[in-house]
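So the structure is just underneath, and the comments pick up after that.
The values are calculated or read from the model by the stated rules, or taken from the named source; none is laboratory data. The structure displayed is predicted, hence computed values, not measured ones. So basically every Cβ, Gly included, is an ideal-geometry build from the backbone, and we count neighbours across all protein chains shown.
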Amino acid sequence: MQEVIEKFIGLQKMEDEIGAFAKIIEDGPRRISQSLEAWETAKGEHDESALALEAARKRLRELELDLLKFKELATGNKVRMTKVTDDKSYRAILSEADKIRQRVSEAENETLSLMAEEERLRGILPEAETRMLEAQKAHLALEKETLAAVAVAEAEAASRRKAIEETLAGIDPALAGQYSTSSRIHDGRTMAPVRDGTCGACRMRIPPQLFNELQTNEKLMLCPNCARLMYWLDHPAWAPPAPPEEPEETKKPKGKAPKRAKKPRSSAGA
Ligand SMILES: [Zn+2]
């Protein structure tokens, strides 16, 4: 049974790793869309400035033509004024001249404010372009890197799923079924390490009698609280290798566990 429990612990480790890979796979599209959004925002800001600059320049050209036209009108008006004979026509020409001056003044004011705007936009555009290109570069790099990481995670997860299947196929079907069912119920969190009488999954203290029984690692036991498969974490056979300063301590008793529960001999409690 100890061997089966060891296999289950190995399966649990692989399920944990699959969980970590699943997180990478799940996070991938979100990370990519975030960086794409940053690029699109930078591009939007750049394009908006570029369009505004283009519009300002176009309007400036129109105003330039308008001013030329007004100048021609004013000249024509002056010529007509020299030829006028009656009062009514004279007043009409004066009024026309006023209108032209008014329109010239408006066009000049608009030209001045547009020139300032054109200069401002010309000033911010190179920075906006740099930001846009940097965001694009960053996005393309992150996308490439993330897709590669997701592909690796998918391959790794698939190989672990295969290894889990293979391991389960090599275990007594009833026990394998028990593991699979528990894995389904607990979403891959199947095994509960027990240390000092406390379930490592749900933190509940298990009854002493149950703990004594568990320490033999002779049968599959469920935590009375969370119903996960329990194992005694400090079993001497599973203790991590002792540090090299005490070589004689590295000779751990292999094989059968002691029938009665004793305080774990190894102090290597990590
Ligand atoms: Zn528990």
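What's the total number of residues in the range 76-105 that are closer than 21 Å to Leu63 by Cβ and either under 60 Å from the mean Cα position of the chain (by Cα) or among the hydroxyl-bearing types (Ser, Thr, Tyr) (or both)?
Selection size over the range 76-105: 4.
Considering only the range 177-234, how many residues are farther than 20 Å from Met14 by Cα, touching a Lys or Arg at 6+ places or on another chain (Cβ under 8 Å) and hydrophobic (A, V, I, L, M, F, W, C)?
Matching residues across the range 177-234 total 3.
Under 8 Å between Cβ atoms, which residue pairs at least 6 apart in sequence (or on different chains) link something in the range 214-237 that is of a type in the set (Lys, Arg) with a partner that is more than 8 Å from the ligand (Cβ to nearest atom)?
Once the first residue is of a type in the set (Lys, Arg) and sits in the range 214-237, its partners that are more than 8 Å from the ligand (Cβ to nearest atom) give Lys219/Met1; Lys219/Glu213; Arg228/Ser182; Arg228/His186; Arg228/Arg189; Arg228/Thr190; Arg228/Met191; Arg228/Leu222.
Looking at the range 198-207, is at least one residue part of a loop (DSSP other than H, G, I, E, B), among the aliphatic types (A, V, I, L, M) and modelled with pLDDT under 55?
No, the range 198-207 contains no residue that is part of a loop (DSSP other than H, G, I, E, B), among the aliphatic types (A, V, I, L, M) and modelled with pLDDT under 55.
Could you tell me how many of the residues in the range 177-194 are in contact (Cβ under 8 Å) with a residue 12 or more places away in the chain, more than 12 Å from the ligand (Cβ to nearest atom) and not polar (S, T, N, Q)?
3
Table: residues versus (1) touching a residue at least 12 places away in the same chain (Cβ under 8 Å); (2) within 12 Å of the chain's Cα centre (by Cα); (3) surrounded by 12 or more Cβ atoms within 10 Å (Cβ to Cβ); (4) farther than 16 Å from Arg122 by Cα.
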| residue | (1), (2), (3), (4) |
| --- | --- |
| Glu45 | yes, no, yes, no |
| Leu63 | yes, no, yes, yes |
| Asp66 | yes, no, yes, yes |
| Lys69 | no, no, yes, yes |
